[in-house]
Amino acid sequence: MSKINIEEIVKTKLDNYEMPYDNSWNEFEKKLNKTKVSFTKYYIAAAAILVVGLLSIPFLNNNKSKQKIKTPIVVSQENTDSVIKNNTKVKDDIKIVESSDKQNINTIQVVTDNTNEHSANNISENSTTENNKQIVENKEQVSDNSSEVNELKETKPVVNENLTANFKANTLTGCEPLTVYFTPENTENAEYTWRFSDGTTSKEKMPKHVFKKAGEFAVELIVKSLDTKNTIKSKKEKYITVNPNPKPEFTMSNDENIYYFDCPDNYNSVKWKINSKLISSEIDPEYEFKTIGKSEITLIVENEYHCKANYSKNVNIEPIFQMANAFTPDDNGDNELFGPVFENLDNYKYFLYIYDAYGKLIFKSNYANQAWNGKINNTNTIAPDGTYVWKMIIKDNFGNKQTKKGQVALRK
């Protein structure tokens, strides 16, 4: 390997710093040790730097969206001494010599081969060119990734086209109270909120709702997808119509067991029932009770909306009969028997019981509608004069019965 004149190298370096050159360099050159430097290590160092640069590319790509590309730092000649001191591989071939002259100029003595220096410079230039190309490619990659990030930011939320808030009801009109079953058309995995204009809500998917009062009601459904978190709603104004019910009322009067009924004539239709049995469809009917005891009178009416209502009253029907307070069983043919006298005995039958003043039973009917003839236990002995207690059990033809009590005087 040929020697390189250190004076030419140093002069070239110093000329770059625009410093004057004089003959003092010749004196300084004589004092320097002549050392041969091998550039093989420089090649290894340059290759190591290139490998490190290439290995750093994946790291730059992984952080391209977060980090900014830094402009390569250019090291000035003034910092060369510090860089060389910190580089452990290069400092074996480069010695830093501190000048002892008055101007304290730091110089570097390098003995090398011209050919190797030229080759090293070419490697350095090629490495720099490759690094510059890699930096440009990294910039373009970062730019492309930035565009992808911006596109993601501008992407609109995913909308499920199958999500709908349409719904239907099993009935749209009816009489109060009206029960309606609602069914949504949506079949997605969603959360449901129903709002009714009567002030109530429901979270059920298919709610059953009762509209208690008459009127027109709006229904709103809000559907929130549990997958996409999208929300859609639908509202139907005056969707459900609840018609009012009629208000039935009537009056009644009676003549013994014959009753007369009267109600308003503003109904579409009326029906009268006695103890759940239909008796008439007239506005003002009359009815003779042939039963005894309590009976229920029911009026059922229908208005123009075909809504029905009923109203009931109870009456206590008494059997109509007369009972004497005295009789004379003296065989003269006048007032010989004691028993009730019914207006229509065909509707009733009775059983009679007679007790003396001591509460002893002295007579009872052996068959229905048997009167007392004044004899004790149906013998030939007439009971003495006095006051006796009677009890009578009356039955109608429908099995209803009543018990009546009183007193009777026996005179012969």
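No lab work stands behind these numbers, since they all come straight from the coordinates. Just so we're clear, the structure is a prediction, and the values are computed from it rather than from any experiment. Cβ atoms come from the backbone with ideal geometry, glycine included; neighbour counts cover every protein chain shown.
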**Report entry** Estimated translational D of the stretch 175-245 in µm²/s (Stokes, Kirkwood radius over Cα pairs; 25 °C; 0.890 mPa s)
**Finding:** 191 µm²/s
**Report entry** DSSP-loop trypsin sites (Lys or Arg not before Pro) across the stretch 306-370, with at most 10 other Cβ within 10 angstrom
**Finding:** LYS360
Query raised in the report: So for ARG195, ARG411, fewest C-beta neighbours within 10 Å to most, what's the order?
Result: ARG411, ARG195
Requested in this report: With a point put 7 Å past each Cα toward its Cβ, work out how far LYS391 is from GLU204 in nm, to one decimal.
Outcome: 5.7 nm
Report summary line: A student asked for the Cα radius of gyration and Dmax of the stretch 223-298 in angstrom ought to give 24.8, 79
Requested in this report: Could you tally the net charge around ILE240, taking each other residue with its Cβ under 15 Å from the Cβ of ILE240, Lys/Arg +1 and Asp/Glu -1?
Outcome: +3
Report summary line: Cβ-Cβ cut-off under 14 Å around PHE327, Lys and Arg +1, Asp and Glu -1: the net charge is -2
Requested in this report: Enumerate by residue number the trypsin sites (Lys or Arg not before Pro) in the stretch 207-286 meeting two conditions: DSSP loop (anything except H, G, I, E, B), and at most 15 other Cβ atoms within 10 Å of the site's Cβ.
Outcome: LYS212, LYS213, LYS229
Query - R0 of 60 Å, Cβ-Cβ distance ASN377-ILE279: FRET efficiency to nearest 0.05 - result: 0.85
Requested in this report: Determine the gain in length on full extension of the stretch GLU256-THR241; use 0.36 nm per residue of separation and subtract their C-alpha separation, reporting nm with one decimal.
Outcome: 0.7 nm
**Report entry** Kirkwood hydrodynamic radius over Cα pairs of the stretch 321-410, then Stokes diffusion coefficient at 20 °C and 1.002 mPa s, in µm²/s
**Finding:** 159 µm²/s
Report task. Using a cut-off of 13 Å between beta-carbons, work out the net charge of the residues near THR291 (Lys and Arg +1, Asp and Glu -1, THR291 not included). Result -> +1
Query raised in the report: In the stretch 211-276, which GluC sites (Glu not before Pro) are in a loop and have at most 12 other Cβ atoms within 10 Å, using DSSP for the loop call?
Result: GLU249, GLU256
Query raised in the report: Residue by residue through the stretch 214-222, which ³J(HN,Hα) values in whole Hz follow from phi under the Karplus form 6.51 cos²θ - 1.76 cosθ + 1.60 (θ = phi - 60°), with glycine and proline marked x?
Result: 6, x, 10, 10, 8, 10, 10, 10, 10
Query raised in the report: With a 10 Å Cβ neighbour count serving as the proxy for reagent exposure, in which order, fewest first, do HIS306, HIS209 appear?
Result: HIS306, HIS209
